[in-house]
Amino acid sequence: MKSKKVGITLFVSLIIAFFIVLVAAVNNINGELSVQTIKIISSTDNQDLERVLVKYGEENDINVVIDYAGTLEIMERLNAGEEYDAVWASNSMWLYMLDSSIKKSDSKIINMNPVVFGIRKSKAEELGFVDKSVKLQDILNAINEGKLKFAMTSATQTNTGACAYLGFLTTLSGNPEILTEEHLQNEDTKTNLINLFKGVKRTSGSEEFLEEMYIDGECDAIVTYETSIININQNIDDEDDTIYAIYTEDGVSMSDSVFAYLGKTNTLKEDAFLKLQSYLLSDEGQQELMKTGRRVWYGGIKEDVDKTIFNPEWGIDTTKYITPIKFPSTDIVKKALGLYQSELRKPTHILFALDYSGSMSGEGIEELTAAMDYILTEEKAAENYLQFSEKDKISIIAFNSIVSEPITVENGLDTEELLETINEGIPRGGTNIYDTVSEAIEYLDSEDMDTYNVSIVLMTDGVGNNGSYREMVSTINNAENKIPVYSIMFGSADDEQLQDIASLTSGKVFDGKTNLLEAFKSVRGYN
């Protein structure tokens, strides 16, 4: 009898345990179903808002995952088939470059951000631009008279650069109702644009790097977002370094910030997306945006703003109506970008320093030659507006334990000799990075900096084990011009070593360990 009671008790215990496990499993499933993951591909200029969106998601059972990319890279990746639930682009005009097979819905503008000239305030006062109406022609006159040089982001690889360029193009075309191909081919307009871009001292592939260049004293003026003007001034200690915003009277490019859904409609994912979007457009969300210097009103005047952020002493003006330029059709945008890359931009003299050390044998040299073939072949590079023009100069230095003499072509479209040299190179020996940088700096230092933007692209897969670091530093410091070195590392390249060179030359290091070709594409936005 006792054993029978024990058996019944054990059976009941097993039933109870089963139901406990079942309830836990159901609760777990329900929990997983209630949390929706929204995968977003976003322009890099939204990175400072990630904390706002993620925090709201955590409080509302939404797992927010954000990947960041450059403006044109976003379109390229989506058109290539990468899957995302939503896109948050710097400007709505780029969404029209998506393939028709990519369905977009629930698209709304989140905020507005003018693209303006920012000039060191003392320089702006010298030019008579402070507390006065300024037209684009006034800026062009200052450039033509040699009184102003500026830096800007790439017009073909970044939203700010493209918006600024399209603004210049529209204004210098007389602000037509619709920009047409006829305007693109107007010789007077092209001459004015060429003269305007002669004032470009350096080009950046990102807003963040552009801000760093100004803060580090590399330039007195930049073309950038209004939010960048605010951010720079919030991060400088000396009032003499204040950067002053100039809103040209005859038109300002306004970058909207569009958030659109890419997934299937009428699903839990779409509901989660709409919650995120509604929050960003709510009073609370808009206040968070304004804390970062973003405008949440669309044209018109707004005087009740935080003057510590929208500071009139920095030229930030919310008390007058800004005249926005109208962006053209997608077809005209594409043709305009091609025209900029092939004819209008300031020419570049770029020197590629290529590693042919023994460790490059096999996969390394194959990746290098493939990447250089892409960059130096006009038809391939033009697919992403990366091609050189006949006005550009291109030099090659091959190095291992020793450093070769530079080979230069003075027509950026005449690259057959360079490609032959690259393909014939045989990997062997050590890695003489320091002497290579010294040779490249000395070679380019005599270039006419008013005619060319000059830069060095150093590609290496290893650690510098030859040459003199001390002599390299001396060469850099004694050079008449500061020439940036942009390094692309892959394999076992020494990040610390390359970062040191970047710091000495106001350059940058790119990681090509995963995809060397993509690193080469990225670096082209900086030269």
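Please treat every number below as a calculation from the coordinates, not as lab data. In this text the structure is predicted, and so the values were computed from the model without any measurement. So basically every Cβ, Gly included, is an ideal-geometry build from the backbone, and we count neighbours across all protein chains shown.
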| task | Please report the base-10 log of the normalised intensity I(q)/I(0) for region 176-323, using a Debye sum with one equal scatterer per alpha carbon and no solvent, at each q in 0.12, 0.14, 0.21 (1/Å). | result | -0.73, -0.93, -1.33
| Eligible aspartates and glutamates near Lys269 by straight Cα distance, threshold 14 Å, same-chain separation 8 or greater | Glu32, Asp61, Glu83, Asp85, Asp106
| task | Work the Kirkwood hydrodynamic radius out for region 347-526: mean of 1/r over every pair of different alpha-carbon atoms, inverted, in Å. | result | 16.0 Å
| query | Taking region 61-181, how much of its Cα-Cα pair set, in percent, is spaced more than 21 angstrom apart? | reply | 55 percent
| Cross-link partners among lysines for Lys326, C-alpha distance below 21 Å, same-chain residues fewer than 8 apart left out? | Lys108, Lys135, Lys190, Lys334, Lys335
| query | Highest mean first, what order results for 105-116, 496-507, 217-228, 51-62 on Cβ atoms within 10 Å? | reply | 217-228, 105-116, 496-507, 51-62
| remark: So the angle from the long Cα axis of helix 363-376 to the longest Cα principal axis of the chain, reported in degrees to the nearest 10, equals 60 degrees
| So how do 376-383, 325-332 stack up, highest first, on mean other-Cβ count within 10 Å? | 325-332, 376-383
| Residue-averaged 222 nm ellipticity for the chain, from DSSP H runs of 4+ at -39500 (n - 2.57), nearest 500 | -12500 deg cm²/dmol
| query | Helix 495-505: angle to the longest alpha-carbon principal axis of the chain, degrees 0 to 90, nearest 10? | reply | 40 degrees
| field | Modelled FRET efficiency - R0 22 Å, Asn423 with Glu378, Cβ distances, 0.05 increments | value | 0.80
| message | Show me, for region 512-527, the HN-Hα J-couplings you get by feeding each phi into the Karplus relation (A = 6.51, B = -1.76, C = 1.60, θ = phi - 60°), rounded to Hz, glycine and proline as x. | response | x, 5, 8, 8, 5, 4, 5, 5, 5, 4, 5, 5, 5, x, 10, 8
| message | What do you get for the angle between helix 433-444 and the principal long axis of the chain? Use alpha-carbon atoms, 0 to 90 degrees, nearest ten. | response | 50 degrees
| In sequence order, calculated HN-Hα J values of region 127-133 (Karplus, 6.51, -1.76, 1.60; Hz; x Gly/Pro) | 7, x, 9, 8, 6, 9, 6
| query | Quick one, what does Rg over Rh come out to for the chain if you take C-alpha atoms and the Kirkwood Rh? | reply | 1.07
| Once Lys and Arg get +1 and Asp and Glu get -1 on their Cβ, which of Ala151, Ala86, Val403 lies farthest toward the positive end of the dipole of the chain? | Ala86
| said: I'd like the Karplus ³J(HN,Hα) series for region 214-229: coefficients 6.51, -1.76, 1.60, θ = phi - 60°, whole numbers in Hz, and an x wherever there's a Gly or Pro. | reply: 5, 4, 7, x, 6, 7, 9, 8, 9, 9, 7, 5, 4, 4, 5, 4
| Cβ crowding within 10 Å averaged over residues, with 384-393, 252-261 ranked highest first | 252-261, 384-393
